Amino acid sequence: KATSSAGLLKLFCQETRKYFHASGAYVWQLLAPDQLVGAEADGWMAAKFRSARLRTYETAVVNEAILKKQSLYINGLDTSQDPLAAEFEVRSIMAAPLVVSNEVRGAVVFSHNSHADFFRPDHAAKASILAAQLGGLLEAMRLSDRAREEQRRAGILAEVVQSLHSEPDLGVLADAVADRLRVLLRTPLVCILARGDTGFDLWAVATENPASAVSVRARYDRKDLHFASDLA
């Protein structure tokens with residue numbers, strides 16, 4: 001069972017490579033505006049693919065599939081026209097775009113490096129179906145993650161509101177709010193500064209490690225962190 005997008009991509013590559021009896025299965029992720037990044041792979045040169053980069057305007061079969069928004073395959077590939085395919089010693093290749101809500105998010109690619117006449121039209125049709133299913137699953141996981149994150153943030157904000165109504169000590173309240181903000185923002189440090197008669201005072205410090213808060217306060221007292229007051 002895949003419990004994350006990374007786990008899902010890994011499982012997809014493993015199972016589809018075996019299904020097509022391909023040498024390698026690869027998933028590209030599209031990063032705006034014009035870069036493809038190797039997200040996951042299984043089989044031939046999988047480790048090397050995960051660090052691969054490709055511009056969408058470079059000559060490559062995968063870019064043609066993305067541009068046309070349809071699956072395609074080429075047997076007896078002329079690798080002089082596709083440098084990355086040459087590096088991976090590809091002889092037959094098939095690519096299918098990952099399209100979600102009519103937006104291309106990447107592509108899946110299958111290759112064979114010993115058979116020059118490997119792929120057939122039915123392979124391309126099946127690759128289109130599998131890519132569509134993968135795109136749908138990834139989108140569902142993205143929406144689920146976003147919903148959980150929004151629920152997490154709402155819960156933290158509710159805690160902050162509750163502390164505003166229940167805590168009469170201003171210093172304790174500032175510390176509590178700073179700590180909840182740190183969790184909300186997933187950041188290692190939050191400082192709350194308040195304007196005083198002669199500038200800004202450091203009211204609260206929240207850190208992952210309580211000992212670090214003492215260090216932050218000491219640095220502020222030594223003027224090392226007064227750029228924070230300048231920003232405020």
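The values are calculated or read from the model by the stated rules, or taken from the named source; none is laboratory data. Computed from a predicted model, the values in this text were never measured in an experiment. Cβ: placed from backbone, ideal geometry, glycine included. Neighbour counts: every protein chain shown. These accessible areas exclude ligands, DNA and RNA; they are computed on the full protein's heavy atoms, side chains included. Shrake-Rupley method; radii C 1.70, N 1.55, O 1.52, S 1.80 Å.
Details
- Conditions (1) within 17 Å of residue 29 (Cα to Cα); (2) buried (at least 20 other Cβ atoms within 10 Å of the Cβ); (3) of a type outside the set (A, V, I, L, M, F, W, C); number of the one not met by residue 112: (1)
- Scope the range 189-219; condition acidic (Asp, Glu) and outside any loop (DSSP other than H, G, I, E, B); matching residues: 201
- Of all residues making up the range 91-109, the number that are more than 28 Å from the chain's Cα centre (by Cα) and open to solvent by less than 10 Å² (accessible area, probe 1.4 Å): 1
- Every pair of residues 6+ apart whose Cβ atoms lie under 9 Å, when the first sits in the range 165-178 and is over 14 Å from residue 193 (Cβ atoms) while the second is among the hydroxyl-bearing types (Ser, Thr, Tyr) and open to solvent by less than 40 Å² (accessible area, probe 1.4 Å): 172/163; 173/163; 176/163
- Residue match in the range 212-221 (condition: surrounded by 15 or more Cβ atoms within 10 Å (Cβ to Cβ) and either among the aromatic types (Phe, Trp, Tyr) or at pLDDT 85 or above (or both)): yes
- The residues of the range 138-174 that are under 30 Å from residue 24 (Cα atoms) and surrounded by 15 or more Cβ atoms within 10 Å (Cβ to Cβ), listed by number, are 138, 139, 141.
- Residues of the range 6-42 satisfying the condition of being under 20 Å from the mean Cα position of the chain (by Cα), of a type in the set (Gly, Ala, Ser) and crowded, with 16+ Cβ neighbours inside 10 Å: 25, 38, 39, 41
- If you go through the range 103-122 and pick out every residue that is farther than 13 Å from residue 44 by Cβ and out of contact with any Lys or Arg (no Cβ under 8 Å at 6 or more places or on another chain), you end up with 10.
- When the range 116-136 is filtered for residues that are assigned to a helix (DSSP H, G or I) and aliphatic (A, V, I, L, M), the ones remaining, listed by number, are 124, 125, 127, 129, 130, 131, 132, 134.
- Applying the criterion of being hydroxyl-bearing (Ser, Thr, Tyr) and out of contact with any strand residue (DSSP E or B) (no Cβ under 6 Å at 6 or more places or on another chain) to the residues of the range 111-155, the residue that is farthest from residue 92 (Cα to Cα) is 144.
- Lone unmet requirement of (1) surrounded by 15 or more Cβ atoms within 10 Å (Cβ to Cβ); (2) modelled with pLDDT of 90 or more for residue 70: (1)
- Flag for residue 189 being open to solvent by 40 Å² or more (accessible area, probe 1.4 Å), touching a residue at least 24 places away in the same chain (Cβ under 8 Å) and over 23 Å from residue 214 (Cβ atoms): no
- Test: residue in the range 109-125 that is in contact with a helix residue (DSSP H, G or I) (Cβ under 9 Å, 6 or more places away or on another chain), of a type in the set (Lys, Arg) and over 22 Å from residue 39 (Cα atoms): no
- Matching entry among 119, 227, 200 (being open to solvent by 90 Å² or more (accessible area, probe 1.4 Å) and either at pLDDT 90 or above or over 31 Å from the mean Cα position of the chain (by Cα) (or both)): 227
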